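Structure first, then comments.
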Amino acid sequence: MSLGVAACGSDDDSGGSSTSDSASGGTINIYSSLPLQGASRPQTTAMVNGIKLALQQANNKAGDFTIKYTSLDDSTAQAGNWTPEATSQNARKVAQDDKAGVYIGEFNSGASAVSIPILNEAGVPQISPANTAVGLTTDEPGADKGEPDKYYPTGKRTYTRIVPIDTIQGAALATTMKQDGCTKVAMTNDKEVYGAGLSRNVQLAAQQQDVAILFNEGIDPKAPNYRSLASKAKGEGADCFIYAGITANNAVQLYKDFAAAIPGLKMYGGDGVAESGFVDPKEGGLPTSVSKNVKVTVATLSPDDYPPQGQEFFSDFEDTYGDKNPDPYAIYGYEAMNLALDAIQRAGSADKEKILEALFATKDRESVLGTYSIDENGDTTLTDYGLYTVNDGELEFDKTIKAETGG
């Protein structure tokens, strides 16, 4: 089934929720912080629509509390991407709000590296619907020096996520390349928290599976082209190429240059490029002559592979927004809000500490994504990654990857 990456709806602050205190519980504020401008906009618009749908279905309530939702933008028009300044401004705004209950964000792992410490100091519970960088929660392979402790100045965890981490994604990508017959892989990364971390995970997993990585080069996202790097890959006999990073860091130019240098090259990417800004020529993405050789992993599956609640989500999303094939991450926005509402209801309190305890006490939650728990690090127990190809400017589900962890 094809998953279209164009989404309907506006990314304005969510209206429709009451700002007055309910008689029994009062009002709790939930915020999201996502890049609503630039290459990620269609994806994050769908995510915000998923968040709004969950709240609408809950009648703007969590237990006795009325929920007010505000959508914040962590990007700027000039950058066309998230910025540390916009992200820290969002986090500070929420940290200073006495009625803040949950912060849904960030979309980019590098942005969460900025917001987690600010929210941690204020004790604000955080749920990311998209981050995969290992070092945000654990010092497992792929993490950088000082991670994750440097993100938690209070020494207490306040951050959770509902997507599997990059130890799993790295293994899924290495498994895919091995299955596709890759013998010599050229790899680049964008040097951000997510890209650098994912590249380390791919490298480790490839080593375990006897897939040779020729090099792992950090790129300059402002470079006019990457012809010399592509030429180096050709000279070393590369038969495959993988980029660990986000679309906004010049990914389209990078893939075009590698495709031109080595005709027929098999090319791969992680969830950082699983968006219309990368795959749709109308959105400035790859030309079809290049994208036909590209495969990407993302922690979403074919709509047919989700449990009954997931099937219902796709039906409800279409009824609400007129979009039958929403962006793969719309369902993660939906589940992030539902998890937040559930934690507030279980806490039975507007107290951030009690909401946080309830969030980390999430066990065997039956959700649209399947049944999962949140572990002591804040990570989900979900593990599946979907492999996608590109067809007509849209991501098309190929198969679920069961990643190998050894040779």
Counting other beta carbons within 10 Å of each Cβ, put 279, 193 in order, fewest first. 193, 279
Under a 5 Å amide H to amide H cut-off, with H placed in plane at 1.01 Å, what residues pair with residue 215 once short-range neighbours are removed? 187
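Past the 23 Å Cα-Cα mark, which pairs from 61/156; 99/354; 324/363; 178/292; 93/222?
Too far apart for the 23 Å limit: 61/156; 324/363; 93/222.
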Can you list the aspartates and glutamates whose alpha carbon is less than 20 Å from that of residue 256, not counting same-chain residues fewer than 8 positions off? 190, 217, 220, 236, 239, 271, 275, 280, 283, 392, 394
Springs between alpha-carbon atoms under 10 Å, Gaussian network over the chain: tell me which of 320, 87, 297 tops the mean-square fluctuations. 320
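Using alpha-carbon pairs under 8 Å, 6+ residues apart, how would you state the relative contact order of the chain in percent? Can you show the working numbers first?
Working: 977 pairs, mean separation 85.7, N = 407.
In percent, rounded to a whole number, it is 21.
With the Cα gyration tensor of the chain in hand, convert its eigenvalues to equivalent ellipsoid semi-axes via √(5λ) and list them largest first in whole Å. Mind dumping the intermediate values first?
Working: eigenvalues 245, 93, 74 Å².
One finds semi-axes of 35, 22, 19 Å for the chain.
Taking every DSSP beta bridge that has both residues in the chain, what percent is antiparallel when rounded to the nearest 5?
Taking every DSSP beta bridge within the chain, about 35 percent pair in antiparallel fashion.
Please list, by residue number, every one of the GluC sites (Glu not before Pro) in segment 324-392 that is coil in DSSP and has at most 11 other beta-carbon atoms within 10 Å.
On the way: sites: 335, 353, 357, 366, 376; in loops: 376.
Loop-located and lightly packed - 376.
Let me have the 222 nm mean residue ellipticity of the chain computed from DSSP H runs of 4+ only, each contributing -39500 (n - 2.57), with the sum over all residues rounded to the nearest 500.
Rounded to the nearest 500, the figure is -11000 deg cm²/dmol.
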Note on segment 163-288: contact order normalised by length, alpha-carbon pairs under 8 Å, 6 or more apart, percent, works out to 26 percent
Cα axis of helix 251-261 to longest principal axis of the chain: angle in degrees, 0 to 90, nearest 10? 10 degrees
Among 358, 336, 245, the residue whose Cα sits farthest towards the positive end of the charge dipole of segment 244-373, when +1 is placed on the Cβ of each Lys and Arg and -1 on the Cβ of each Asp and Glu, is 245
Residue among 128, 231, 276 with the largest mean-square fluctuation in a Gaussian network model of the chain, springs linking Cα atoms under 10 Å: 231
For segment 282-288, just list the computed ³J(HN,Hα) in residue order, Karplus coefficients 6.51, -1.76 and 1.60, θ = phi - 60°, integers in Hz, with x standing in for Gly and Pro. 5, 9, x, x, 4, x, 4
GluC sites (Glu not before Pro) in segment 175-246 lying in a DSSP loop, each with at most 12 other Cβ atoms within 10 Å of its Cβ, come to 236
Listed residues 269, 38, 146, most fluctuating in the chain (Gaussian network, C-alpha, under 10 Å): 146
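None of the figures in this text is laboratory data; all of them are computed from the coordinates on show. Just so we're clear, the structure is a prediction, and the values are computed from it rather than from any experiment. For neighbour counting, all protein chains shown are included, and Cβ atoms are generated from backbone atoms with ideal geometry for every residue, glycine included.
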